[in-house]
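Structure first, then comments.
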Amino acid sequence: MANIRVKDLPNTSAPAADTDEFIIDSSSAGTRRLNYGELKTAISGDFQSGTSTYKVATLGSDNKLDPAQIPDTLSQGLNFVGVANSAGDLTSTTQGDFYVIQTAFGVYSVGDQAVYDGSAYIRVTDGTKQISEGGTGATTLDDAKGNLEIPDIGTAPNQTPLSGQLGSMAWQSAEGISVARAEVESTTGTGSTQALTVTDGSSTKFVVQEDGRVGIGTATPGATYKLDVSGDIHTDAILRMSRAGDFALYPGSSNIVYQLEQAGSHLFKTDGSIVAQIDSSANLNVNLGNLVFGTSGKGIDFGAVSTSAGQGTGTTGSVSNSVLSDYEFGSWTPTYVISGTNFAALTMDVIAAQYVKIGRHVHCQAYIRTDNVDATGALGYLTISGLPFVSDSSVIVYGGASIHSSANWTNAPTTGYVAPNTATLYLKRHGTTGTPTLTASDLVTGAVANQNEIVFTASYIAST
């Protein structure tokens with residue numbers, strides 16, 4: 001290369017201006033004039049086109065360094081490509097390229113990064129980010145505290161005490177605490193002194209006394225109460241108590257099954273309808289149309305105690321069962337029957353036959369007659385069968401019958417009784433003793449309508 005001489009450089013400590021000129025005198029190329037601005041442009045162009053050669057990175061139009069001009073030794077080989085909404089968006093096969101997940105898919109959640117490691121994409125989440133000091137990675141909280149020199153709280157060696165600033169209150173993350181318009185006051189003392197009070201600045205919302213009593217909505221819980229609430233209490237779908245004194249139970253539905261009113265009435269309900277009520281005068285009112293008694297032994301218990309009522313002076317009666325467990329009203333089918341050999345033919349005409357059963361007491365009535373009786377070969381006592389319940393088996397329990405009307409008989413019955421352990425009414429006539437006296441011969445026989453008419457009632461004790 002020929003020697004190049006540069007002259008006319010400004011003799012000043014100030015930077016050259018763009019208009020300053022350089023005289024370049026070459027023995028072979030002659031003399032050239034070059035101003036300072038042209039020289040800067042030429043040099044800048046060389047650096048921009050050869051950043052890897054000159055180790056220079058330039059600012060882009062956004063005044064940020066171009067990631068393509070930053071060596072991998074500084075960027076650790078990572079290069080942001082764009083966002084991804086599906087696996088099909090992960091198209092780059094250049095090691096270090098990564099996408100930020102915008103829409104969750106596969107194993108990726110929103111905010112994750114998918115980085116190509118040279119053979120496949122790997123998932124980078126917030127949980128895998130490092131807290132580092134001087135390039136030393138820390139993937140656990142203890143490591144991070146060591147790097148950042150954050151001590152543990154406490155009084156043990158290498159721990160920092162709270163110096164009484166928060167007393168014995170436990171630490172908790174900010175995400176776990178939500179207090180709106182609350183002021184917490186802590187006092188010391190003994191007995192009933194308030195140990196913790198929560199207020200909204202004007203009234204007490206919650207207080208804990210040192211003796212263990214808790215007040216909600218009151219600053220002075222009652223001395224005999226462990227929990228004192230001023231206001232209504234509501235537990236979802238189970239219990240409701242109001243300040244007015246009402247109490248209601250909801251067993252998992254919107255309908256009340258039990259309600260205690262302020263007036264003192266106890267209401268028992270099914271599907272919102274009252275089935276029983278104990279009023280303020282201690283009277284039991286039962287809606288029998290809605291009430292179904294349960295199994296044997298379940299019902300209204302009047303107490304199995306001894307009593308002298310109705311027994312006469314100095315006499316005590318024994319109550320063996322005071323549970324009212326049944327109430328029924330229905331119809332039954334009475335039929336004339338001979339206790340031995342029955343009728344050859346019999347056609348009954350039942351005008352009416354009903355019964356009422358309260359507990360074990362059965363009261364029944366009937367109006368019956370015959371339209372056809374063939375008593376050929378009939379032997380035994382004349383009875384009426386088909387009583388609605390079998391009588392008690394005790395030999396001392398007999399039921400009685402009253403004949404209110406009888407017509408068109410050969411010899412009409414005037415009374416009757418229900419023997420133990422039967423569902424049969426035995427017919428008799430007045431003036432007879434011992435066994436039943438009516439037989440088939442006392443009936444009007446033949447195919448004649450409206451014969452052997454009788455209207456009667458009977459009462460007896462059922463076996464159950």
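The values are calculated or read from the model by the stated rules, or taken from the named source; none is laboratory data. Given the structure is predicted, the values throughout are model-derived calculations rather than measurements. All Cβ positions, glycine included, derive from the backbone under ideal geometry; neighbour counts span all protein chains shown.
How many residues are under 60 Å from the mean Cα position of the chain (by Cα), in a strand (DSSP E or B) and β-branched (Val, Ile, Thr) if we restrict to region 332-381?
Final tally of qualifying residues: 7.
List the pairs whose first member sits in region 97-123 and is touching a residue at least 60 places away in the same chain (Cβ under 8 Å), whose second member is part of a strand (DSSP E or B) and surrounded by fewer than 14 Cβ atoms within 10 Å (Cβ to Cβ), and whose Cβ atoms are under 9 Å apart, counting only residues at least 6 apart or on separate chains?
Matching pairs, first to second residue: none at all.
Go through Val418, Val397, Val455, Val362 for me and flag whichever is of a type outside the set (Asp, Glu) and within 17 Å of Ile351 (Cβ to Cβ).
Result of the check over Val418, Val397, Val455, Val362: Val455.
Which condition number does Val356 fail, the rest of (1) modelled with pLDDT of 95 or more; (2) aliphatic (A, V, I, L, M); (3) under 26 Å from Arg429 (Cβ atoms) being met?
Single failed check for Val356: (3).
Table: residues versus (1) at pLDDT 55 or above; (2) within 36 Å of the chain's Cα centre (by Cα).
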position: Pro157; (1), (2): yes, no
position: Gln165; (1), (2): no, no
position: Met169; (1), (2): no, yes
position: Ser178; (1), (2): no, yes
position: Gly189; (1), (2): no, no
position: Gly201; (1), (2): yes, yes
position: Thr218; (1), (2): yes, yes
position: Pro221; (1), (2): yes, yes
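Counting only residues that are closer than 22 Å to Gly330 by Cβ and either without any contact (Cβ under 8 Å) to a residue 12 or more places away in the chain or among the acidic types (Asp, Glu) (or both), which one in region 346-393 is surrounded by the most Cβ atoms within 10 Å (Cβ to Cβ)?
Out of the qualifying residues, it is Asp392.
Here is a yes/no grid of residues against (1) in a strand (DSSP E or B); (2) surrounded by 17 or more Cβ atoms within 10 Å (Cβ to Cβ); (3) outside the structural domain of Tyr336 (by TED's automatic domain parsing); (4) modelled with pLDDT of 95 or more:
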| residue | (1), (2), (3), (4) |
| --- | --- |
| Tyr426 | yes, yes, no, no |
| His430 | no, no, no, no |
| Thr433 | no, no, no, no |
| Asn452 | yes, yes, no, yes |
| Phe456 | yes, yes, no, yes |
